[in-house]
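Below: one structure, written as structure tokens.
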Amino acid sequence: MTDARITVHKEAGIDRIAPEVHGHFSEHLGRCIYEGIWNSDSTDEDGFREDVVSLLDDLELPVLRWPGGCFADDYHWEDGIGPREDRPRRRNLFWAQGPEEVPEESNAFGTDEFLQLCERIGTEPYLAANVGSGDPQEAANWVEYCNYDGDTELADRRRENGHEEPYGVKYWGLGNENWGCGGQMTPEQYAREYRRFATYVGTMDNLMLDHELELIACGFEGHEWNRRFMEEIGGSAWGSDFPLDHLTLHHYYGRTMSVEEADEDKYDRFLADALEMETHIEKIAAAINAVATTRDIGVIIDEWGAWHTEATADNGLEQPGNVLDALSAAAVLDIFNHHSDVVTMTNIAQTVNVLQCLVETDADDAWARPTYHVFDLYAPHKGNEAVQTSIDTPARELADDDRELPLVGASASTTDGETYVTVTNLDCREDHSVEISLEGTTPDADAIDANLLFADNEPDTTVTADNADEFAAADLEVSVDDDGTLSLELPPATVAGLSIQ
Ligand code: AHR
């Protein structure tokens, strides 16, 4: 018996799915940069871990945010350029990091190393400037160092440090969580600081930069904060009315759940928490629309993902990587597709070894986590037109909670006569049989290419170097009846991707 029905309204376009929605985040925290991406004791001149770089390259990351996180508002970029032996060692106010797990920053990995990484893996850099403990001059100098092509001391320093041409960094965040670790500011205070920084970084007519910058302001999961920020930031007497291109927030979920001790009721609540991403997108978009428009100011979620009790500041926010987390990522990527008209970028936290990373390493190996495979399965959506889907799904009432978990989710997108549909079975206990109809199309069975993730894994299966191969996608059987309806069987806690010509 079919228990979920999905109708894809191919002609009801939502908007293009910005490829940047599949973006990532890397911070000077734990083993993300040092040991994860870059080897502090490497004899190789560049120091990058080839195994990690190769996995990231294969995934075609559209954008990578750096250097934080909370670290961004404690970071002074000039510490991290020039000859490595001259760079100062500083305390890292927020995080123990690197192989020695000390709250210290060697500055061995800095702006040029990060931008070189981005060039190697073909990703757009997104730099977060220090607003909390820095000043507008420092931020403006960073833009000049990276992007100016003329004859100034800072542009010449970039050349001396090995990069003749400007890097052309487009995305600039001004601060991080400035309601919290970025200075504990009220929304009005941050709005005034933000405007001052934006003036010097690039919202005024700026003769020296021929590269168009996109400025990103920090918002909050408490949406009253966003409303007050937007009211205060608007309406300058001189200059840009709204000196921002995007407003961000962070949504982590699973903070009270231990991966090792969870049971099925907890899985359900965790997935329901992940689905709250939708409400956050709607609320932050409403805060923007109350005074401006989401056509002019996009929504970015520049930190998101599972954060379990296993991840603590002491262990560099490391937690086991499992199928359940990957399932939540699939559900959240579907939400981003449904809101492609307002969501301009997102960055899952964090790329390597930290929180819901995609790649995990030890001294010898690097391997893909289940979440990596979800991003790979969802990659065909990037740049497509998202279209409306109607989903008729069974739901489960949550134990000790007044919410329901919809058990089957989906999203769809189109390009050049091809439709790509992703379907999740969020039910960690039962199979679900699913029917999919594409309005106005009778697909041929031969024109369907379908893949399934995690059919042979339990939701709590944790990835290690030894079993990492077991999480790759397998072929999925799909039947097509005379009227063109597709039928498929989804085992518990699985994710499917169907390309339909
Ligand atoms: O990603 C870890 C931390 O979470 C970041 O530094 C901060 O922005 C957030 O609170």
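List the Cys residues of the chain that have no partner Cys with a C-beta closer than 4.7 Å.
CYS32, CYS118, CYS146, CYS218, CYS357, CYS428
Taking N as the number of residues in region 348-388, what is its alpha-carbon radius of gyration divided by 2.2 N^0.38 Å?
1.45
Report the full-extension gain for the segment ARG16 to ARG90: residue separation times 0.36 nm, less the Cα-Cα distance, to one decimal in nm.
Difference between extended and current length: 22.3 nm.
For an R0 of 45 angstrom, estimate the FRET efficiency from the Cβ-Cβ distance between GLU231 and LEU398 and round to the nearest 0.05.
0.80
Hey, what's the per residue convex hull volume over the C-alpha atoms of region 1-106, in cubic angstrom?
Considering the Cα atoms of region 1-106, their hull volume per residue is 201 Å³.
Quick one: with all protein chains in place, what share of the accessible area of the chain is carbon or sulfur, to the nearest percent (1.4 Å probe)?
Here carbon and sulfur together make up 42 percent of the probe-accessible area.
What is the calculated FRET efficiency for ASP449 to ASP241, with r their C-beta to C-beta distance and R₀ = 41 Å, to the nearest 0.05?
0.30
Using the heavy atoms of the protein chains alone and a 1.4 angstrom probe, what is the accessible area of the chain per residue in square angstrom? Walk me through the numbers on the way to the answer.
On the way: 19470 Å² over 501 residues.
Accessible surface, normalised per residue, equals 39 Å².
I'd like the distance between the alpha-carbon centres of region 384-442 and region 33-94, rounded to an integer number of Å.
About 39 Å separates the Cα centre of region 384-442 from the one of region 33-94.
To test your reading of the geometry: what angle, between 0 and 90 degrees and rounded to tens, separates the Cα axis of helix 136-147 from the longest principal axis of the chain?
It works out to around 70 degrees.
Can you tell me which of 415-426, 343-354, 81-92, 306-317 comes out highest on packing, and rank the rest after it, using the mean Cβ neighbours within 10 Å?
343-354, 415-426, 306-317, 81-92
Using +1 on the beta carbon of Lys and Arg, -1 on that of Asp and Glu, and nothing else charged, what's the dipole of region 58-190 about the Cα centre, debye to 20? If you can, show how the numbers build up before the last one.
Numbers: 11 positive and 28 negative charges, 53 e Å.
Magnitude of the dipole: close to 260 debye.
Convex hull over the Cα atoms of the chain, averaged projected area in nm²?
So the Cα hull casts an average projection of 23.2 nm².
Could you tell me which of rounded, prolate or oblate describes region 356-501, using a ≥ b ≥ c as the square roots of the eigenvalues of the alpha-carbon gyration tensor, with rounded for a/c under 1.5 and, failing that, prolate when a/b is larger than b/c and oblate otherwise?
Here region 356-501 falls in the oblate category.
Given Cβ point charges of +1 (Lys, Arg) and -1 (Asp, Glu) and nothing else, what value in debye, to the nearest 20, does the dipole of region 1-119 about its Cα centre take?
Computed charge dipole of region 1-119: roughly 580 debye.
Which value at 222 nm does the chain reach when only helices count, each DSSP H run of 4 or more adding -39,500 (n - 2.57), with the total divided by all residues and rounded to the nearest 500 deg cm²/dmol?
Theoretical 222 nm ellipticity from helices: -7000 deg cm²/dmol.
What's the extension gain from GLU439 to ARG196 if we count 0.36 nm per residue and subtract their Cα-Cα distance? Provide the component values of the computation, followed by the final result.
On the way: separation 243, 0.36 × 243 = 87.48 nm, distance 5.08 nm.
Length difference between fully extended and current span is 82.4 nm.
I'd like the Karplus ³J(HN,Hα) series for region 224-231: coefficients 6.51, -1.76, 1.60, θ = phi - 60°, whole numbers in Hz, and an x wherever there's a Gly or Pro.
4, 4, 5, 4, 5, 4, 5, 5
Decide, for region 88-188, between rounded, prolate and oblate: order the square roots of the alpha carbon gyration tensor eigenvalues as a ≥ b ≥ c, take rounded if a/c falls under 1.5, and otherwise choose prolate if a/b is larger than b/c, else oblate.
Note, shape of region 88-188 comes out oblate.
Run the simple label-point estimate for GLU477 and GLU430 please: 7 Å along Cα→C-beta, distance reported in nm.
2.2
Using each residue's phi in region 299-310, evaluate 6.51 cos²θ - 1.76 cosθ + 1.60 at θ = phi - 60° and report the 3J(HN,Hα) Karplus result to the nearest Hz, with x for Gly and Pro.
Computed from phi, the couplings for region 299-310 are 9, 10, 10, 8, 8, 7, x, 7, 9, 9, 5, 5 Hz.
Using θ = phi - 60° and the Karplus form 6.51 cos²θ - 1.76 cosθ + 1.60, what ³J(HN,Hα) does each residue of region 80-86 get, whole Hz, x for Gly and Pro?
Values, residue by residue: x, 10, x, x, 4, 5, 9 Hz.
The values are calculated or read from the model by the stated rules, or taken from the named source; none is laboratory data. What you see is a predicted model; the values in this text were computed from it and never measured. When we count neighbours, we look across all protein chains shown, and the Cβ atoms used for this are built from the backbone with ideal geometry, even at glycine. Note: accessible area is taken over every heavy atom of the protein model, side chains too, but ligands, DNA and RNA are not part of it. Shrake-Rupley method; radii C 1.70, N 1.55, O 1.52, S 1.80 Å.
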